[in-house]
1. Kindly check whether there is at least one residue in the stretch B:58-67 that is within 11 Å of chain A (Cβ to nearest Cβ) and at pLDDT below 80.
2. Output the residues belonging to the stretch A:34-55 that are in a helix (DSSP H, G or I) and touching a residue at least 12 places away in the same chain (Cβ under 8 Å).
3. Suppose we filter B:VAL42, B:VAL92 for residues that are more than 10 Å from every other protein chain (Cβ to nearest Cβ), farther than 30 Å from B:ILE188 by Cα and under 25 Å from the mean Cα position of the chain (by Cα); which single one remains?
4. Report yes if some residue within the stretch B:141-157 is part of a helix (DSSP H, G or I) and crowded, with 19+ Cβ neighbours inside 10 Å; otherwise report no.
5. Among the listed residues B:PHE70, B:PHE78, B:PHE99, which satisfies the condition of being aromatic (Phe, Trp, Tyr) and over 23 Å from A:PRO49 (Cα atoms)?
6. List the number of the failed condition for A:ILE96; all other conditions in (1) more than 9 Å from every other protein chain (Cβ to nearest Cβ); (2) at pLDDT 90 or above hold.
7. If you go through the stretch A:142-154 one residue at a time, do you hit one that is surrounded by 13 or more Cβ atoms within 10 Å (Cβ to Cβ), not acidic (Asp, Glu) and not in a helix (DSSP H, G or I)?
8. Out of (1) over 19 Å from B:SER129 (Cα atoms); (2) in contact (Cβ under 8 Å) with a residue 60 or more places away in the chain; (3) within 13 Å of chain B (Cβ to nearest Cβ), the odd one out for A:LEU86 is which?
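The values are calculated or read from the model by the stated rules, or taken from the named source; none is laboratory data. None of these values were measured; they are calculated from a predicted model. Cβ: placed from backbone, ideal geometry, glycine included. Neighbour counts: every protein chain shown.
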Amino acid sequence: MIKPKRLLSLLLRFIAFGTTLAAVILMATSHEKGTFFAVSYEAKYTDTPAFKYFVIAYAIVTVYGFLVLFLPPGSPIWRLVLALDLVFIMLLISSISAAMAIAQVGKNGNPRAAWLPVCGQVPKFCNQVTGALVAGFIALITYIILLLYSIYNFLNPLFEKA
Amino acid sequence: MALQNEDKLEVGYSSLQPKPKKWVLLMLRLLAFFATAAATVVMGLNKETKTLVVATVGTTPIKATLTAKFQHTPAFVFFVIANGLASMHNLVMIMGDLFGQKLDYKGLRLAMIAILDMMTVALISGGASAAAFMAELGKNGNSHARWNSICDKYKTFCDHGGGALIASFAGLILMLIISVMSIIKLLIKPKPDSTTVVP
């Protein structure tokens, strides 16, 4: 019989894996043709290094999440998983922060630098990128909850004394 | 006889106490504080004004004054706030280490320090990464979206921003080392001491 702690941890990890996979797929398949002052061009995620970084970072974490799903409960590798969780959370935060900074400029433009917003010409691309960022955020929050839960379980003897 | 043995055990244990580690952690926190404070200040005071001749009416040229400030970009605002919070965190931790050794909350002092350190690492990494990509956009522009680079016009702004970014990344690496050391301190601290009764 699976213990409830193990079930909760497994469920959280599955949600995290699912949302990172969704973020990668949404961002990688976002492309749209648009016209910009009578010049037709295609907006893809490879146009900006920030979006490329987002896809690469979330792909790495998807593979990691997939591998951790199959780790048996008693093995000593769980301590390494705890440390790697922290490292990957940092990677996720960095990539989603960068992608959001560039996406914000794309949506609102920056009039002082004469940067015009792009979302008016390619609305489907913008919506898909927004969806990828939302999925990325949910994945990040799930990983943070997982990390705090793992630390709480690990330090439970310390908390019982309090 | 038993008391002598206990004394020997205590002395042996205290000589194995990681005494140099306390100073190493304090020095690292001081360095991280200086790095993040430098990043905050340099980016916070980042401003460049240029006067350009826009048009000529008759014989008098019309000049326009354009400023580049860090507040124009939300990513840089986030960068300044994140590094400011990180330097406040380091300052509070240094004060706590030097003057508040007795402060504790139900024995969770080390756990709170470790968790706060992890949160600060996450914050700095977010701010530094967003500002780095915005700076790359400002330096190289983006041909697909028809965004021109601004660094050739505002060279000092870009240089100062780059310096602040370097300081922030140095602060990030230092904070990562500090966070790892705090977690190690949390995990190897001997939990049962000789005075508690094991149920």
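1. There is no residue in the stretch B:58-67 that is within 11 Å of chain A (Cβ to nearest Cβ) and at pLDDT below 80.
2. A:TYR45, A:ALA50, A:PHE51, A:TYR53, A:PHE54, A:VAL55
3. Answer to the selection: B:VAL42.
4. Within the stretch B:141-157 (the criterion being part of a helix (DSSP H, G or I) and crowded, with 19+ Cβ neighbours inside 10 Å), the answer is yes, since at least one residue qualifies.
5. It is B:PHE99.
6. (1)
7. No, the stretch A:142-154 contains no residue that is surrounded by 13 or more Cβ atoms within 10 Å (Cβ to Cβ), not acidic (Asp, Glu) and not in a helix (DSSP H, G or I).
8. Going through (1) over 19 Å from B:SER129 (Cα atoms); (2) in contact (Cβ under 8 Å) with a residue 60 or more places away in the chain; (3) within 13 Å of chain B (Cβ to nearest Cβ) one by one, A:LEU86 breaks only (1).
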